[in-house]
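Undergrad: Structure incoming, see below.
Values in this text are rule-based calculations from the coordinates and carry no lab data. What you see is a predicted model; the values in this text were computed from it and never measured. As a convention, Cβ positions derive from the backbone with ideal geometry for all residues, glycine included, and neighbour counts pool all protein chains shown.
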Amino acid sequence: MRLVLLGPPGAGKGTQAARISATWQIPHISTGDMLRAAVASGSELGKKVNEIISKGHLVPDDVIGEVVERRLSEEDARRGFLLDGFPRTLPQVGILDRGLAKQGTSLDRVIFLQLDDETAVTRILGRKEDGNGERADDAEETVRERLRVYHTQTAPVANEYGSRGLLAKIDGSRTIDAVFEQIKAALEGIASTGSDDPSESGPGGGR
Ligand code: AMP
């Protein structure tokens, strides 16, 4: 199962990604988590991206593209993955297309968690007040900038996958359980849960 999880900040991508990853036993690959880990490590990459993230902007496509390509070539991502936060721009869609083509694979589905801006802001600022998963880029001004960037740069990604017939639209305003039920329904028929995935047993096996 090769999946992309798409949606605005605050739509619940991280929460749903953890469930999807556990249910279908595929690695959850979050570019935001990878970049935050790079920042925490104080690496050269981390120093460069820290300033970008704290402004709510996107790191350059070639930088994140390289990070993702390296991660997808690791053993555990061979039989499937859930990409969370990537691709976020049209050029990143192209980077992913080329990376998967090199492996002789392609995406099975793009899960699109939809949420309106005001609900997104309320949720993120609530998360900040609770001290629950608070992030350095959760200040209101930065959240508004992340939403602006989402609408200009990432919404076209949803349209692109829509035109390819890969997009599963999910109402992200509902409860965590209700959202997960919608996701399960959208993924039905692609692959069974667990490791006995019949779609993986074709020529080459993808392993
Ligand atoms: P996220 O946790 O997915 O909301 O990502 C947090 C921040 O990391 C974003 O606001 C961007 O600054 C950066 N980031 C994460 N994924 C990407 C990506 N695919 N392309 C560019 N920047 C990214």
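Undergrad: Rounded to whole Å, give me the distance from the Cα center of region 132-173 to that of region 1-23.
TA: 12
Undergrad: Would you mind checking the pairs 48/128; 102/169; 128/184; 55/169; 102/128; 48/169 and listing those with alpha carbons more than 32 angstrom apart? Don't skip to the answer; put the middle values down first.
TA: Values: 48/128 25 Å; 102/169 28 Å; 128/184 29 Å; 55/169 29 Å; 102/128 41 Å; 48/169 34 Å.
Over 32 Å Cα-Cα: 102/128; 48/169.
Undergrad: Let me ask another. Roughly how many debye, to the nearest 20, is the charge dipole of the chain about its Cα centre, given +1 on each Lys and Arg Cβ, -1 on each Asp and Glu Cβ, and no other charges? Present the calculation step by step, with values, prior to reporting the outcome.
TA: Working: 27 positive and 32 negative charges, 61 e Å.
The dipole of the chain has a size of about 300 debye.
Undergrad: Only four residue types carry charge here, +1 at the Cβ of Lys and Arg and -1 at the Cβ of Asp and Glu. Report the dipole size of region 1-109 about the Cα centre in Debye, rounded to the nearest 20. Don't jump to the answer; show the numbers that get you there.
TA: Values: 15 positive and 13 negative charges, 45 e Å.
The dipole magnitude comes to about 220 debye.
Undergrad: Nearest 5 percent is fine: what portion of the DSSP beta bridges confined to the chain is antiparallel?
TA: Details: 0 of 16 bridges.
Around 0 percent of the beta bridges assigned by DSSP in the chain are antiparallel ones.
Undergrad: Angle, helix 61-72 long axis vs. longest principal axis of the chain, Cα atoms, 0 to 90°, nearest 10?
TA: Helix 61-72 sits at roughly 40 degrees to that axis.
Undergrad: Further, regarding this structure: Could you list which residues have their amide H under 5 Å from that of residue 6, counting only those 5 or more apart in sequence or on another chain, with H placed in the peptide plane?
TA: 111, 112, 113
Undergrad: From the helices alone, meaning DSSP H stretches of at least four residues, give me the mean residue ellipticity at 222 nm for the chain, per-run term -39500 (n - 2.57), in deg cm²/dmol to the nearest 500. Intermediate results must be reported in sequence, preceding the final value.
TA: Numbers: 9 runs with 106 residues, N = 207.
Result for the chain: -16000 deg cm²/dmol, rounded to the nearest 500.
Undergrad: Something else about it: Using only the alpha-carbon atoms, how far is helix 176-187 inclined from the longest principal axis of the chain? Give it as 0 to 90 degrees, nearest 10.
TA: Between helix and principal axis, roughly 30 degrees.
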